[in-house]
Amino acid sequence: MAKDFSTMEASNASANPGFHSLSDPARRHWLRGGLGVAVSSLLGACAGVAPKSAAPLLGFKSVPLAGADSVTVPEGYVAQVIQPWGAPVGLPGRLPAFRFDGSNSAADQAAQMGMHHDGMGFFPLDGRSDRGLLVMNHEYADHGLLFPDGGKVWGPEQVAKSQAAHGFSVTEMARQGDGSWQPVLPSRFARRITASTPHAVGGPAAGHVLMRTAADPQGTRVLGTFANCAASRTPWGTYLAGEENFIGYFLGPNRPSAHQQRWGMRAGEQYGYRWFEHDERFITADHPNEPHRFGWVVEFDPYDPDSVPVKRTAMGRAAHEGATVAMTRDGRAVVYSGEDARFEYIYKFVSRDRVRPGGFKANATLLDHGTLYVARFDADGRGRWLPLVHGQGGLSAENGFADQGEVVIKARQASDRLGATKMDRPEWIAVDREGHVYCTLTNNSQRGAPGRPGVDAANPRANNVGGHIIRWKEEGDFDGEGFAWSHFVLAGDPREPRAEAQGRMKGDGFACPDGLFADARGLLWIQTDMSSSEMGAGVAYLRREAGGGDIGPKEVARLGNNAMLAADPTTGEIRRFLVGPVGCEITGADMSPDGRTMFVNIQHPGETPGDISDPANPRLFSNWPDQRPDGRPRSATLAIRRLDGGLIGT
């Protein structure tokens with residue numbers, strides 16, 4: 001989502017106890033000893049190939065910091081740009097070309113790649129590594145780029161185009177003889193899912209009174225999905241995506257209720273999308289239940305272009321960054337998710353039933369039944385999963401939870417009541433082949449500020465501008481209710497004089513970890529999302545806007561553009577693998593099953609510190625990837641491969 005941290009949601013005013021003590025430095029790196037449990041063969045198959053090897057995991061030379069409007073990869077690698085915003089996805093009979101002046105229609109955009117590529121997955125066709133479906137989220141839209149006039153003229157057509165720039169895309173891709181990748185146009189698999197696509201509702205909130213609206217009196221069919229951030233593939237062949245910063249799309253009532261405020265709603269619209277002007281369901285005063293229909297994990301089958309996406313409410317309503325699946329030894333699904341907002345929570349869902357062979361059709365209700373938990377990180381390096389179950393822990397009618405449907409709709413309030421640990425923006429989650437679970441805590445400049453929660457064991461730094469990565473191992477199996485945790489890395493610039501801003505890592509420095517991907521060889525890939533207002537380009541912009549004067553220290557400004565790094569979980573060594581163009585976020589990662597192509601997304605190149613581009617000067621910071629004199633920056637996917645055809649990372 002747009003990362004203007006000054007306006008980012010921070011709506012948790014609960015009084016959950018903190019531990020107010022720094023974690024033991026001896027626990028800041030990998031866990032040692034017992035509690036081991038291997039990732040199941042189903043999860044391993046989902047992640048790709050490549051057996052264990054005695055060779056070092058990190059086999060490439062680190063790339064230097066960079067601030068150029070280009071992509072840097074290691075020597076011996078090539079990064080091909082594929083499927084940028086506006087490229088046709090391959091719908092038969094609908095292959096509109098991108099217009100570099102932003103004049104494509106709403107109907108065009110609904111057949112093209114959406115804006116701001118984020119989480120994604122590569123779904124092989126017939127198990128092949130050279131042909132598959134590239135599925136991805138389009139998190140949000142920049143109206144300064146989407147429209148020639150930046151949306152100055154505003155009507156139903158503009159709302160429709162903005163809504164069509166959100167959602168998901170499915171494109172069939174084929175590897176060519178020279179190793180490059182090309183879209184298959186047209187393709188029977190091609191699809192766009194947008195903010196106006198019908199979705200079904202599954203789980204305990206389906207049909208709930210708080211889900212019912214005038215347009216959907218049954219509360220079982222929602223129009224659209226948006227603000228989709230991280231994503232993952234499931235072992236049964238479906239795609240999971242989280243609806244993250246959804247609340248800002250709604251026009252808040254004049255006096256938001258305590259419930260609405262707990263979800264970050266304020267009077268007046270927050271992000272400037274203006275959908276409510278021509279789509280009345282976004283006027284909360286008139287449609288108070290419509291916001292309850294967003295903030296869910298969405299599942300759909302990319303192999304079936306006619307399948308209906310489903311909002312899986314059993315996994316709770318939150319500003320879901322995404323959802324990552326592990327498998328218990330007896331074949332049940334465990335889904336981890338973080339909530340990208342200050343002082344919010346980490347969740348785990350354990351399915352009641354086992355995964356069955358047969359793909360989506362055989363597991364159509366798997367994620368509708370099970371137990372939802374929220375994490376508590378204790379100061380002794382242990383932790384507990386607290387069940388969000390109606391009738392337990394005070395989650396009762398007298399406390400505002402009439403049934404399990406209301407528990408999942410009000411998952412934040414339920415987590416408040418149970419005393420879960422308030423985290424520093426928990427984002428992507430990855431599970432490695434040894435069964436360790438990692439979560440990025442991107443940053444939280446409000447930690448320790450007046451009137452805000454202080455430091456605790458899991459979140460040990462005040463004014464946490466650099467972020468960190470936390471790691472845990474479940475007791476017994478992935479469905480265990482206890483775990484042991486540690487800090488894998490405390491991120492930031494190692495050269496910073498302020499101790500709590502210093503990076504503490506073995507290898508290359510980085511800040512604001514966001515995306516995570518654990519590959520089949522055992523590498524943990526880390527992607528960064530420093531705000532444009534904090535990076536070097538943002539500093540230059542702000543100084544110019546202020547008339548050239550000093551704007552004060554920016555504690556990540558020396559780290560260059562956002563990057564992607566690879567970490568060896570055993571040794572703790574971290575090397576920089578990729579640096580992106582100016583103003584971008586590096587996000588989304590997956591590999592072909594043979595491990596010889598890595599797909600990575602470049603989101604919002606040229607992002608301005610205010611998040612909305614100037615339509616009169618769209619190339620102010622970046623003109624990537626086209627570098628045309630009449631162009632505009634476009635989010636796109638990189639297909640990265642070794643020139644010798646070898647495994648990525650070696």
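Of the candidates Ala341, Ala364, the single residue that is open to solvent by less than 10 Å² (accessible area, probe 1.4 Å), under 25 Å from the mean Cα position of the chain (by Cα) and under 20 Å from Val297 (Cβ atoms) is Ala341. The set of residues in the range 72-131 being open to solvent by less than 30 Å² (accessible area, probe 1.4 Å), of a type in the set (A, V, I, L, M) and part of a strand (DSSP E or B) consists of Ile82, Leu91, Met120.
Remark: pairs (first residue in the range 467-484, part of a loop (DSSP other than H, G, I, E, B); second residue of a type in the set (S, T, N, Q); Cβ separation under 8 Å; 6+ apart in sequence or on different chains) = Gly467/Thr440; Gly467/Thr442; Gly467/Asn443; Gly467/Asn444; Asp477/Thr328; Phe478/Thr328; Asp479/Thr328.
Does the range 482-501 contain any residue that is open to solvent by 10 Å² or more (accessible area, probe 1.4 Å), at pLDDT 95 or above and not hydrophobic (A, V, I, L, M, F, W, C)? No, because not a single residue in the range 482-501 is open to solvent by 10 Å² or more (accessible area, probe 1.4 Å), at pLDDT 95 or above and not hydrophobic (A, V, I, L, M, F, W, C).
Total residues in the range 177-204 satisfying the condition of being over 19 Å from Gln109 (Cβ atoms), open to solvent by less than 10 Å² (accessible area, probe 1.4 Å) and in a loop (DSSP other than H, G, I, E, B): the figure is 0.
The residue of the range 625-645 that is farthest from Val78 (Cα to Cα), among those that are of a type in the set (A, V, I, L, M, F, W, C) and surrounded by 16 or more Cβ atoms within 10 Å (Cβ to Cβ), is Ala636. Looking at the range 553-571 only, could you name the residues that are in contact with a Phe, Trp or Tyr (Cβ under 7 Å, 6 or more places away or on another chain) and either surrounded by 24 or more Cβ atoms within 10 Å (Cβ to Cβ) or in a strand (DSSP E or B) (or both)? The answer is Leu559, Ala563, Met564, Leu565, Ala566. Every listed requirement among (1) among the polar types (S, T, N, Q); (2) surrounded by fewer than 22 Cβ atoms within 10 Å (Cβ to Cβ); (3) in contact with a Leu (Cβ under 6 Å, 6 or more places away or on another chain) is met by Ser445 save one, (3). When you scan the range 89-107, do you find a residue that is touching a Leu at 6+ places or on another chain (Cβ under 8 Å) and at negative phi, even just one? Yes, the range 89-107 contains a residue that is touching a Leu at 6+ places or on another chain (Cβ under 8 Å) and at negative phi.
Could you tell me how many of the residues in the range 298-313 are open to solvent by 10 Å² or more (accessible area, probe 1.4 Å) and in contact (Cβ under 8 Å) with a residue 60 or more places away in the chain? Going through the range 298-313 one residue at a time, the tally reaches 5. The number of residues in the range 409-432 that are under 19 Å from Thr328 (Cβ atoms) and either of a type in the set (Phe, Trp, Tyr) or at pLDDT below 95 (or both) comes to 0. Of the candidates Leu643, Leu638, Leu578, the single residue that is at pLDDT 95 or above, within 22 Å of the chain's Cα centre (by Cα) and more than 20 Å from Phe98 (Cα to Cα) is Leu578. Scanning the range 260-294 for residues that are modelled with pLDDT of 95 or more, among the acidic types (Asp, Glu) and crowded, with 18+ Cβ neighbours inside 10 Å turns up Asp279, Glu290. Among the residues of the range 462-475, those that are open to solvent by 10 Å² or more (accessible area, probe 1.4 Å) and of a type outside the set (A, V, I, L, M) comprise Asn463, Lys473, Glu475. Annotation note: Cβ proximity below 6 Å between a residue of the range 96-120 that is more than 21 Å from Arg188 (Cα to Cα) and among the small types (Gly, Ala, Ser) and a residue that is at pLDDT below 95 and open to solvent by less than 40 Å² (accessible area, probe 1.4 Å) (sequence gap 6+ or interchain) occurs for Gly119/Gly322. Taking the range 148-159 as the range and being within 30 Å of Val222 (Cβ to Cβ) and in contact with an Asp or Glu (Cβ under 9 Å, 6 or more places away or on another chain) as the test, the residues that pass are Gly150, Trp154, Gly155, Pro156, Val159. Checked across the range 586-600, the condition of being more than 25 Å from Asp644 (Cβ to Cβ), in contact with a helix residue (DSSP H, G or I) (Cβ under 9 Å, 6 or more places away or on another chain) and not small (Gly, Ala, Ser) holds for no residue.
Take the residues in the range 502-520 that are crowded, with 23+ Cβ neighbours inside 10 Å and either in contact with a His (Cβ under 9 Å, 6 or more places away or on another chain) or basic (Lys, Arg) (or both); name whichever of them is nearest to Ala55 (Cα to Cα). Residue satisfying both the conditions and the ranking: Ala518. In the range 527-536, the residue that is surrounded by the most Cβ atoms within 10 Å (Cβ to Cβ) out of those that are farther than 19 Å from Ile469 by Cβ and either of a type in the set (S, T, N, Q) or at pLDDT below 60 (or both) is Ser532. Counted as qualifying within the range 327-433 are the strands (runs of 3 or more DSSP E) with 2 or more residues that are touching a residue at least 40 places away in the same chain (Cβ under 8 Å) and not charged (D, E, K, R), namely 332-338, 346-354, 370-377, 382-387, 426-431. Listed by position, the strands (runs of 3 or more DSSP E) inside the range 572-650 whose residues that are in contact (Cβ under 8 Å) with a residue 60 or more places away in the chain, charged (D, E, K, R) and within 30 Å of Arg504 (Cα to Cα) number at least 2 are 573-579, 585-591.
Among the residues of the range 485-501, just one is assigned to a loop (DSSP other than H, G, I, E, B) and either under 22 Å from Ala379 (Cα atoms) or hydroxyl-bearing (Ser, Thr, Tyr) (or both), namely Ala491. Of the residues making up the range 132-158, those that are more than 18 Å from the chain's Cα centre (by Cα) and assigned to a strand (DSSP E or B) are Gly132, Leu133.
The values are calculated or read from the model by the stated rules, or taken from the named source; none is laboratory data. All values reported here derive from a predicted model rather than from experimental measurement. Glycine also receives a Cβ, built like all others from the backbone with ideal geometry; neighbour counts cover every protein chain displayed. For the accessible areas, the whole protein counts, side chains as well, though only heavy atoms, and no ligand, DNA or RNA atoms are used. Shrake-Rupley method; radii C 1.70, N 1.55, O 1.52, S 1.80 Å.
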